[in-house]
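**Q** Here's a structure for you.
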Amino acid sequence: MIKIVMTSFMLIFAVIVNASFNAGAVVDRYGKSSLHGKNITKWFMESRYYFDLGFKPEKQSWQWVCFVENNRQLIDWEIEKLLKRKVFKLDFMPFDKLEFNYFVLAYLSRHPAKSPNITNLLYLYYKSKAYDSYYRAAASKAIIPYVLLKRGPIGVEYFEAIKEERAGYPKINRSYLIKKYDRQFWVEQKFSGEKMRKQRYDYYMQRFKHTTTAIYTQDAKDWLVHWNRLNLLRDMLKQQAVNDENTKAFCQLIKRTRKIPNDLAEDIIKYFKLNSSPPAISYSMLSIIGVNQKLTAAILKNFKYIKQSKGDKQLYPAIKWALTGKTGLPSAANIMWSNASAIMSSHFLYNYARASGDYDDTYRRLLKWDKTTRKKGHEKGCRCPSMLQYSYVLLCGNSKLSKKNALAIINSNISIPYGWSPREGSLIPRVDRKYAKLVPAQANKLWWAKLFPFEDLSAKTQQVLFKSYISNIEKVGMAYSAAFKALIKIKSPYYKNRLARHLLKQVVLSPINRRDCEKALLAIAIDTLPEIIKITCENDDELSIKACELLAAMSVYAKSAIPELKNLLQGKRHFTVKIAAMCALAEIGDRASIPLLKKQLKSKNRLLARVAIQAIYMLQPVDENDKYFKQMRR
């Protein structure tokens, strides 16, 4: 008996006090699940650039405008819930994703809702003591009357009522409020998201024409992430934005593109006059060798016009050896064994292979060169490091290495140097995806598997790697954080569903990394919605409660879960599961479930009935006929 009572108490505590997923679902500006998305609180933080800084192209947040255009239903419903929590004091509704602040009011002044619910709630909140305690300053108290003034005939009626109540108060004046806040909230300026996006693009294009620094600066990342990179390169050439000062930045962008089509390569050759003499070629163009066969041939043909940069020991010398060296790689006979590792580095080998174009021949020469240098070192009585440790670079970029030699490198005992990361922007690009299937499904080869996109690996390797990631998220340290990042990037529906189930169990167990599990779930929630709905219907009460909380956090995006939530409420489940289902229905915004919730008012369980009352308050429209509303208006 005592055990049953304690279990019920723990479930009630989990539903009411220990609610999870308070941040809300993570979505991009189009309302889709994304690694680069934000929850609604962070989106409103993004709006500060829009409302505070206005419509200056270099400062405006066009992403916020796109988010509003594609997610009006979500934003209006979240604001309505926020106001209802404050007005009706709904303590059983713990998913408070927004804060009532200046930016919410600024949004409401620019985007009048179709329904009068928010307008009515704004008036109620203004009349309540909670608003007086929150906004003590006289200037702040004038913002809601102004917002009401902007929200149609009903709002104007409320404004007149407030004006009459506060007769003689100088701040409650129509002309004064419109003059002040129209300018402050940029109400007269109305641009579409695409128009603002184009303004942002034009601003950065003009800025690029006069830049002398790298294009991948912190403030330029916003520009590059949201446009097609090939179209961006074409536009730069079309607008003649590339000059002597920014050629390095232009080449940096091409290098990170990894592969470009022939038509774009021909445009670059024409732009830099690589087929004429003398060409407009620079040292920085050596970095784009290998991205296209035609472009590579044109650059190497004009190699004699390029001067070596001071301090360069990896790029220019490697290309020179590839073009002029009779033996392919630097002759071991001409190099002291003690200096071999300094001359032959990973960057040298990678650049040599790109310039020569024959990756298999480079690998054969590397084997021979390594054997010779180690033999000379042995003759001198000293140990010379193996040059084969750099062979992994022959798999990087647009590699042309045969599968036989690629498999030999993968199965060898070499290890990638500590700290090397094949990320975008490094001197050596990512490993070529075509070699992913060659990685064996062995625990000691997983560091190879991690270099490839998860979906490109073989089915067995995927399974082994996924298990490794799952075991790492239960640890603490670098492997723990790296595993979370890798798991969220997985696109396979099967493994995403497995991940959602595992993370939900971790949240139930409340381990040290519970909050990280919640963040990961919110990032993949929209993509794994069918699996989450399936979990809610299972017999494990604690797991079902957490699944309901996750659905509640997803708000309007979880409308497809409404039938299953209603079945939970009508079925023979523990009352704590029914409480979680009611909270989820209220958070999602299913007004059609009000009759079903009213049946719970007759429940003998007083806690269940109390939650039903609050869920009804959350869902029921607020209008002139509401008793609480009439009482507040007096």
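**Q** Would you be able to tell me the number of residues in the stretch 561-598 that are among the acidic types (Asp, Glu) and buried (at least 24 other Cβ atoms within 10 Å of the Cβ)?
**A** Matching residues across the stretch 561-598 total 1.
**Q** Collect the residues in the stretch 592-622 that are over 17 Å from GLN570 (Cα atoms) and in contact with a helix residue (DSSP H, G or I) (Cβ under 7 Å, 6 or more places away or on another chain), keeping them in residue-number order.
**A** Hits for the stretch 592-622 are TYR617, MET618, LEU619, GLN620, PRO621, VAL622.
**Q** Go through the residues of the stretch 394-417 one by one and say whether even a single one is modelled with pLDDT under 85, in a loop (DSSP other than H, G, I, E, B), in contact with a Lys or Arg (Cβ under 8 Å, 6 or more places away or on another chain) and closer than 25 Å to PHE466 by Cα.
**A** no
**Q** If you go through the stretch 270-312, how many residues are among the β-branched types (Val, Ile, Thr) and in contact with a Lys or Arg (Cβ under 7 Å, 6 or more places away or on another chain)?
**A** Adding up the residues that qualify gives 3.
**Q** Further question on the same structure: Out of everything in the stretch 464-503 that is open to solvent by 50 Å² or more (accessible area, probe 1.4 Å) and not in a helix (DSSP H, G or I), what residue ends up being farthest from GLU531 (Cα to Cα)?
**A** Looking at the filtered set, the residue picked out is VAL476.
**Q** Further question: Taking the stretch 427-461 only, how many residues are open to solvent by less than 50 Å² (accessible area, probe 1.4 Å), in contact with a Ser or Thr (Cβ under 6 Å, 6 or more places away or on another chain) and not aliphatic (A, V, I, L, M)?
**A** 1
**Q** Which one is most open to solvent (accessible area, probe 1.4 Å) among residues in the stretch 507-536 that are modelled with pLDDT of 90 or more and over 20 Å from the mean Cα position of the chain (by Cα)?
**A** Among those that are modelled with pLDDT of 90 or more and over 20 Å from the mean Cα position of the chain (by Cα), it is LYS534.
**Q** Residues in the stretch 47-60: is at least one closer than 24 Å to ALA581 by Cβ, modelled with pLDDT under 85 and part of a loop (DSSP other than H, G, I, E, B)?
**A** The answer is no, given that none of the residues of the stretch 47-60 is closer than 24 Å to ALA581 by Cβ, modelled with pLDDT under 85 and part of a loop (DSSP other than H, G, I, E, B).
Yes/no matrix, rows are residues, columns are (1) modelled with pLDDT of 75 or more; (2) in contact with a Ser or Thr (Cβ under 8 Å, 6 or more places away or on another chain); (3) buried (at least 16 other Cβ atoms within 10 Å of the Cβ):
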{"residue": "ALA138", "(1), (2), (3)": "no, no, no"}
{"residue": "TYR146", "(1), (2), (3)": "yes, yes, yes"}
{"residue": "ARG151", "(1), (2), (3)": "yes, yes, yes"}
{"residue": "TYR169", "(1), (2), (3)": "no, no, no"}
{"residue": "ILE172", "(1), (2), (3)": "no, no, yes"}
{"residue": "LYS179", "(1), (2), (3)": "yes, no, no"}
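**Q** Next question. For the structure I just gave you, tell me whether LYS255 is touching a residue at least 60 places away in the same chain (Cβ under 8 Å), within 20 Å of GLY357 (Cα to Cα) and part of a loop (DSSP other than H, G, I, E, B).
**A** no
**Q** Separate question: Within the group ASP132, ASP91, ASP96, which residue is modelled with pLDDT under 85, within 27 Å of the chain's Cα centre (by Cα), open to solvent by 50 Å² or more (accessible area, probe 1.4 Å) and over 30 Å from TYR204 (Cα atoms)?
**A** Of ASP132, ASP91, ASP96, the one residue that is modelled with pLDDT under 85, within 27 Å of the chain's Cα centre (by Cα), open to solvent by 50 Å² or more (accessible area, probe 1.4 Å) and over 30 Å from TYR204 (Cα atoms) is ASP96.
**Q** Something else now. Which of the numbered conditions does LYS310 fail, given that it passes all the others? Conditions: (1) open to solvent by 90 Å² or more (accessible area, probe 1.4 Å); (2) touching a Ser or Thr at 6+ places or on another chain (Cβ under 7 Å).
**A** Only one criterion in (1) open to solvent by 90 Å² or more (accessible area, probe 1.4 Å); (2) touching a Ser or Thr at 6+ places or on another chain (Cβ under 7 Å) is unmet by LYS310, namely (2).
**Q** Also, quick follow-up: Which of the residues that make up the stretch 353-368 are of a type outside the set (D, E, K, R) and either modelled with pLDDT of 90 or more or assigned to a helix (DSSP H, G or I) (or both)?
**A** Our first condition is that a residue be of a type outside the set (D, E, K, R); within the stretch 353-368, this holds for 353, 355-357, 359, 362-363, 366-367.
If the condition is that a residue be of a type outside the set (D, E, K, R) and either modelled with pLDDT of 90 or more or assigned to a helix (DSSP H, G or I) (or both), then ALA353, ALA355, SER356, TYR359, THR362, TYR363, LEU366, LEU367 are the ones that fit.
**Q** Checking ALA249 against (1) at pLDDT below 85; (2) open to solvent by 30 Å² or more (accessible area, probe 1.4 Å), only one condition comes out false. Which one?
**A** ALA249 satisfies every listed condition except (2).
The values are calculated or read from the model by the stated rules, or taken from the named source; none is laboratory data. Worth saying up front: this structure is predicted, and the values here are computed from it rather than measured. Here Cβ is always computed from backbone atoms with ideal geometry, including for glycine, and neighbour counts include all displayed protein chains. The protein model used for the area step is the full one, side chains on, heavy atoms only, and it has no ligands, DNA or RNA in it. Shrake-Rupley method; radii C 1.70, N 1.55, O 1.52, S 1.80 Å.
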